[in-house]
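Each remark here refers to the structure printed beneath this line.
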2 protein chains.
Amino acid sequence: MDGYAVRFSDTFGASETNPKQLRLGEQAIPVNTGDPIPEGFNAVIMIEDVNIIRTQNGVPKKSQDSLGYNTEHRTKDTPSLTLPPQGGGQGWGGEYIEIIKPLTPWQHVRTIGEDIVSTELILPENHRIRPVDIGAMLASGILDVMVRRRPKVVIIPTGTEVVEPGSDLKKGNIIEYNSRILAGLVNQWGGESIRFRIVPDDYDELKKAILEAYELGDMVVVNAGASAGSKDFSSAAISDLGEVILHGINIRPGKPLILGWLKDKPVLGIPGYPVSAYITFNLFARPIIYKWQGINVERPDILRARLSRQVASALGQEEFIRVKVGKVGENIIATPISRGAGVLMSLVRADGIVRVPAMSEGLGAGTEVDVEMLRAKEDIENTIVCIGSHDNCIDLLSNSLKKRYPGLSLSSAHVGSMAGLIAIKRGEAHIAGTHLLDEETGQYNITFIKRLLPEKRIVLVNLVYREQGLLVPKGNPKNIKSFGDLARDDVTFINRQSGAGTRLLTDKHLKELGIDPRNVKGYDREEYTHMAVASAVLNGVADTGLAILAASKALGLDFIPVAKERYDIVIPKEFYGSEMLQCLLQIIREDAEFRELVLSLGGYDITDMGKVIYED
Amino acid sequence: MDGYAVRFSDTFGASETNPKQLRLGEQAIPVNTGDPIPEGFNAVIMIEDVNIIRTQNGVPKKSQDSLGYNTEHRTKDTPSLTLPPQGGGQGWGGEYIEIIKPLTPWQHVRTIGEDIVSTELILPENHRIRPVDIGAMLASGILDVMVRRRPKVVIIPTGTEVVEPGSDLKKGNIIEYNSRILAGLVNQWGGESIRFRIVPDDYDELKKAILEAYELGDMVVVNAGASAGSKDFSSAAISDLGEVILHGINIRPGKPLILGWLKDKPVLGIPGYPVSAYITFNLFARPIIYKWQGINVERPDILRARLSRQVASALGQEEFIRVKVGKVGENIIATPISRGAGVLMSLVRADGIVRVPAMSEGLGAGTEVDVEMLRAKEDIENTIVCIGSHDNCIDLLSNSLKKRYPGLSLSSAHVGSMAGLIAIKRGEAHIAGTHLLDEETGQYNITFIKRLLPEKRIVLVNLVYREQGLLVPKGNPKNIKSFGDLARDDVTFINRQSGAGTRLLTDKHLKELGIDPRNVKGYDREEYTHMAVASAVLNGVADTGLAILAASKALGLDFIPVAKERYDIVIPKEFYGSEMLQCLLQIIREDAEFRELVLSLGGYDITDMGKVIYED
């Protein structure tokens, strides 16, 4: 306490009617918070509780502020005030403090040892040191503390075809990035990662590398070469140098894991597919790295959610399904995403993981599941779930939203216009992008909304008008001019999934031309996005496909215009007024940068961007 | 997939009864996972699904393992096998693969763009990069990414009495550790901390320091000098150089906070008491540091708990109460700990914080409260709650438990033997340390258990026998010999709280000697632990006090033996068999290191350590 050190016996009997005056420097010594109590004194009176009495020519003069508090020592607004010297009261002769209540012994005096006394336990072993712990140790005079060193994990990327990021890519090359993911995880878990050079698929070189890595760290991780392909040496090399404890586990992805032992150190063979690598590294490397640090692996946050669609799973294998999680109204929905172990983006996009037990053949749509969260639960609550038709502008919108409102996210799933409307119907999405042409009326979207969502009150907001057309390789080598060419024997088409607005557009044109889809080569091969169609054309998988101009421009393809269509956003009224959606609409309606970026993609008309097209 | 690239049209009509043979090198090309598909091929058959037929002298010869699978390319156990050259089939002339089912186009072929296509959004702005994100960026050819720099926070410790840790301490010196706590928090929050030199209580020097700090970082933090004491210049200095927005807020601890502005940068005056500093820094610096990084402050984990005792709070101030949280059976209990803003250990020991709203005068015992957790909820579940008598061995036990079982903790509150039994009665503790002497029978503990806990089934386990005695300063300057001396006018005693076993022992001796407690100077001054009593004697607050030999030895005091007593642990049967308590009992019963440490404290007899004394 800032105030005056006094002897409590001097304060006996003080009261408002009978104030006591204590002589400064003798009976009362000014002290500040943290000062030691002067010898012989045993209580402190707060500065707010005294009046200072200054005797000028023997006449006492009180100084008080309007609240009756002493103001003499308040320096916050009076920095130029000359302060009294401390501890002795020299120069303060003839001055008193006046008190109006008695003190108790040791009042406002903290005893030494109140906080911590010699030999008391400050922190137990195996405690992870936090900032406050550092404070407590320093306060106790502890300047050094033995800590566990960070475990060193050496990660060996392997593969003749594998090259460093930034290399000139040749056909068949694969950019090596797994080791950077694993290294990042090691660091995040408190370890120290050492990334080894890339080792080609050569048995002797791999053995040499493992031995070298053994000397460098506490654990060796070989990535990959763990599956049973023709160039997978890892298991053989480990058992040759040490011992393979286990090769292959019944999980998916991650089956070809190797756990081995080289003299006194663990050696892990981590599968090559990035998702397999991530999951097995979490399951098997993390507990070891934690154990060395004397800590337990934290349980992941679990969110109870309802599966939006069924998941099939092989009996006998525990399966790790990546899911997007959305909170729409009171519904918490988990939507499984791509199951390919090679699809790294499935991890980047995942909000969590659902485990399907080995003894299950899958989970039906609507099943309640426990999601092991990869994102914070509150992020999920601040995420707008957009399910429906794909358009490149949605990516831009997602970015602009997070740029302007870091607390908000837009999560989009590309399932086609029809599936988007169904998601709205089921309460699984806040918004849906849609461009469904009613052939009879020539009207976009509204007929479909009325038919599919009669029970919902909807606001339909325009995002863009956009151009659809046939994409062909640069120079149009097969000389494709219109949908009529799809019937040609030498032309392979790439289609969109059924329910997509673009698929309806294709079917409408084929029908008008009287072309039987069975005569269109490639009609059965479906992609889910405009970019995937563009990619198929670019890579020669198909000669042409229907997509938007922006996708064509993105990959430098030629474009044969087919239609201009309206792409709208369907918003149930129950969500329309929410803060989250108002932020999104504000960007659609006002953000100049967003509009510019949309225009720069090409093929977009933003005349009606943000306008309410329909409302019921 | 590891297998063979084929043309799907070559596989038409294959079946078990009508297998098809494809010529290696022409119709089938060996490929491994990740290889690009050779030009003109459009499907891959898995290695497990083919038989290799080797023609020797024109006679086909199948090779299969016992499951009927081809084994030729399995190298995991045969690393010395010479592998076929890849992609051309040279040297493989005259060999075939046999397939028994047709393929579909592009079966087991992943299309380019399945993962991510040019111009697609990988990560939005304001996204905090995780290891998988690094992988996704590298996979997409992104080698550079613009990131926000870490905000720099300059922390200025102030105070003439304040010295660096490790300095020779003079009377009145305070070790400067606040800045290290604040710096640790800045780093934890993603910022970069710059610790400024200690600035003495000199107005001009402080102003100079603030200006210098302004140049070094994005935010200046002055610690402390924010309260209204005689040497608190911070507010004046900040308003002199820039602008004070706010000085003082209605929270406790943390009242004298300053928020200011110097040109374009925020300047914070953070109070000097460590708990006040911690709380205000969390409330006011953290959001700024996060905002600069484009992220929101995470909501703390909330645990609903029941207050074990009442908390009084001043009306008009929001109060931040540190609590220990324990899960005992199904009860989750929050126990308030020391409220002194200067008691740093209250933060170190706290499991969470309870906010008492400004418009409340306090919370009653038993109130359900939301605890903002500082530790993981699962740590709480793995914590043994020990409430009762204090003994230095409990600290050792706590350490040994965490050393041997890093996932477990022992949390102890020192409230005295009686209060410990009451905590057991109320289901608020797993175990209680107790040493209660029944004056009539001369028996320890059992009578009290029977009387206070008739409804509980209890196991009583001995921890130690220990010596109690009067502590006096080295050399015994007042020549104290026994309890009889407490009646002397020149002797000041320091007492233990009522309900403590040691207090009962004191009262028993005074009664036997016929001394009226009112004639014992200092009888009213109570401490809660043996170490606090020892500290009071060491520091001259009292001339003597009753405590255990270990406390006396810890602070180098002289010791006048009074009694040898049994210190037991009370364990309700419902918890006795739990894994957690069995781990603890194992240490008590078997851990040689723990026993050695106990003996090294002095004054302990471990003959019966771990023995069951009584069971009902």
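Indicate the gyration tensor shape class of region B:393-466 (rounded, prolate or oblate), computed on the Cα atoms with a ≥ b ≥ c the square roots of the eigenvalues: a/c under 1.5 is rounded; otherwise a/b larger than b/c is prolate and the rest oblate. Working shown, then result.
Numbers: a/c = 2.42, a/b = 1.66, b/c = 1.46.
Since a/c reaches 1.5 and a/b is larger than b/c, the shape of region B:393-466 is classed as prolate.
With one equal scatterer per alpha carbon and no solvent term, the Debye-computed log10 I(q)/I(0) for region B:505-552 at 0.21, 0.31 1/Å reads -0.77, -1.19.
Across region B:267-328, how large is the tail of the calculated P(r) beyond 12 Å, expressed as a percent of all Cα pairs?
Details: 1486 of 1891 pairs.
Cα-Cα pairs in region B:267-328 separated by more than 12 Å: 79 percent.
Enumerate the aspartates and glutamates that residue A:573 could reach by cross-link, defined here as Cα to Cα under 16 Å, with residues fewer than 8 away along the same chain left out. Excluding near neighbours in sequence, the set is A:330, A:428, A:455, A:615, A:616. Chains B and A together bury roughly 9100 Å² of accessible surface, counting both sides and using a 1.4 Å probe on protein heavy atoms.
Considering only the label points, 7 Å along Cα→Cβ from Cα, what distances in nm to one decimal separate residue A:142 from the same position in each other copy, shortest first? In nanometres, ordered from closest: 4.4.
Accessible area per residue of chain B at 1.4 Å probe, in Å²? Mind showing how you got there, number by number?
Details: 26290 Å² over 616 residues.
The answer is 43 Å² per residue.
Applying the Karplus relation 6.51 cos²θ - 1.76 cosθ + 1.60 with θ = phi - 60° to region A:245-253 yields 3J(HN,Hα) values of 7, 7, 9, x, 10, 7, 10, 8, x Hz, where x marks Gly and Pro. Straight-line cross-link reach from residue A:20 at under 22 Å between alpha-carbon atoms covers these lysines, not counting any fewer than eight positions away in the same chain: A:61, A:62, A:101.
Shown here for region B:508-616: trypsin sites (Lys or Arg not before Pro) in loop regions (DSSP other than H, G, I, E, B) with at most 15 other Cβ atoms within 10 Å, namely B:611. In nanometers and ordered shortest first, the copy-to-copy spacing of the residue A:125 label point, defined 7 Å from Cα toward Cβ, is 5.2.
Closest approach of any chain A Cβ to the axis that rotates A onto B belongs to A:301, 4, distance given in whole Å. Taking every alpha-carbon pair under 8 Å whose residues sit at least 6 apart, region B:369-463 reaches a relative contact order of 26 percent. Got a number for carbon plus sulfur as a percent of region B:457-567's accessible area, 1.4 Å probe? Of all accessible area on region B:457-567, carbon and sulfur atoms account for 48 percent. Rounded to two decimals, the Cα radius of gyration of region B:233-282 over 2.2 N^0.38 Å is 1.09.
Using Cα centres only, tell me the gap between region B:140-184 and region B:6-37 in whole Å. Here the answer is 67 Å between Cα centres. Dimensions of region B:274-433 along the principal axes, based on C-alpha atoms and rounded to the nearest Å, stand at 48, 38, 30, largest first.
What residues of region A:309-342 lie in the reach of a label at residue A:361, counting those whose backbone N is under 12 Å from a point 7 Å from the Cα along Cα→Cβ? Of the residues in region A:309-342, A:312-316 have backbone N under 12 Å from the label point off residue A:361. Helix A:392-404 and the longest principal axis of the Cα set of chain A meet at an angle near 0°. The angle separating the long axis of helix A:501-513 from the principal Cα axis of greatest extent in chain A is about 20 degrees.
For the protein assembly as shown, report the translational diffusion coefficient in µm²/s to the nearest whole number, using Stokes-Einstein at 4 °C, 1.567 mPa s, and a Kirkwood Rh over Cα pairs. Mind dumping the intermediate values first?
Working: Rh = 36.1 Å.
Answer from the Stokes-Einstein relation: 36 µm²/s.
Report, as a whole number in µm² per second, the diffusion coefficient that Stokes-Einstein gives for region B:456-546 at 20 °C and 1.002 mPa s using the Kirkwood radius over alpha carbon pairs.
On the way: Rh = 13.9 Å.
Using the Kirkwood radius from Cα pairs, D works out to 154 µm²/s.
Average 1/r across all pairs of distinct alpha carbons in region B:522-616, invert it, and you get the Kirkwood radius: 15.7 Å. For region B:484-533, the Cα-based Rg and Dmax, in that order, read 10.3, 28 Å.
How big, in percent, is the set of alpha carbon pairs in chain B lying more than 40 Å apart? Mind showing how you got there, number by number?
Working: 100911 of 189420 pairs.
Here the long-distance tail beyond 40 Å is 53 percent of all Cα pairs in chain B.
The distance from the alpha carbon centre of region A:483-515 to that of region A:302-326 is 34 Å, rounded to a whole number.
Across the identical copies, the 7 Å label point of residue A:310, projected outward along Cα→Cβ, sits 6.2 nm from its counterparts, in ascending order.
Equivalent ellipsoid semi-axes for region A:454-612, as square roots of 5 times the alpha carbon gyration tensor eigenvalues: give them largest first, rounded to whole Å. Kindly include the intermediate steps, with their values, before the conclusion.
Details: eigenvalues 215, 68, 29 Å².
Those come to 33, 18, 12 Å.
By definition, a body whose alpha carbon gyration tensor gives a ≥ b ≥ c is oblate when a/c is 1.5 or more and a/b is not larger than b/c, and region B:305-375 fits this oblate description. Mind running the shape call on region B:134-176? Use the C-alpha gyration tensor, a ≥ b ≥ c as the square roots of the eigenvalues: rounded below 1.5 for a/c, prolate if a/b tops b/c, oblate otherwise. Judged from the Cα gyration tensor, region B:134-176 comes out prolate (a/c at least 1.5, a/b above b/c).
Axis of helix B:579-590 versus longest Cα principal axis of chain B: the two differ by about 60°, to the nearest ten degrees.
For residue B:263, a cut-off of 23 angstrom between C-alpha atoms picks up these lysines, skipping any fewer than 8 places away in its own chain: A:76, B:152, B:207, B:208, B:291.
Return one quarter of the surface area of the convex hull spanned by the alpha-carbon atoms of region A:433-501, equal to its mean projected area, in nm².
Averaged projected area of region A:433-501's Cα convex hull equals 6.7 nm².
Taking a quarter of the surface of the Cα convex hull of region A:147-235 gives a mean projected area of 6.4 nm². Remark: for residue pairs A:481/A:508; A:481/A:553; A:478/A:511; A:265/B:403; B:456/B:508; A:474/A:611, the C-alpha separation exceeds 25 Å in B:456/B:508; A:474/A:611.
Quick check: convex hull of the Cα atoms in region A:101-211, volume per residue, rounded to a whole Å³? Spell out each step's value before the answer.
Working: hull volume 18.7 nm³, N = 111.
Each residue corresponds to 169 Å³ of Cα convex hull volume.
The values are calculated or read from the model by the stated rules, or taken from the named source; none is laboratory data. Keep in mind it's a predicted model, so treat the numbers as computed, not measured. Using ideal geometry, Cβ is built from the backbone for each residue, glycine included, and neighbour counts are taken over all protein chains shown. These area figures cover heavy atoms from the full protein model, side chains too; ligands, DNA and RNA do not enter into them. Shrake-Rupley method; radii C 1.70, N 1.55, O 1.52, S 1.80 Å.
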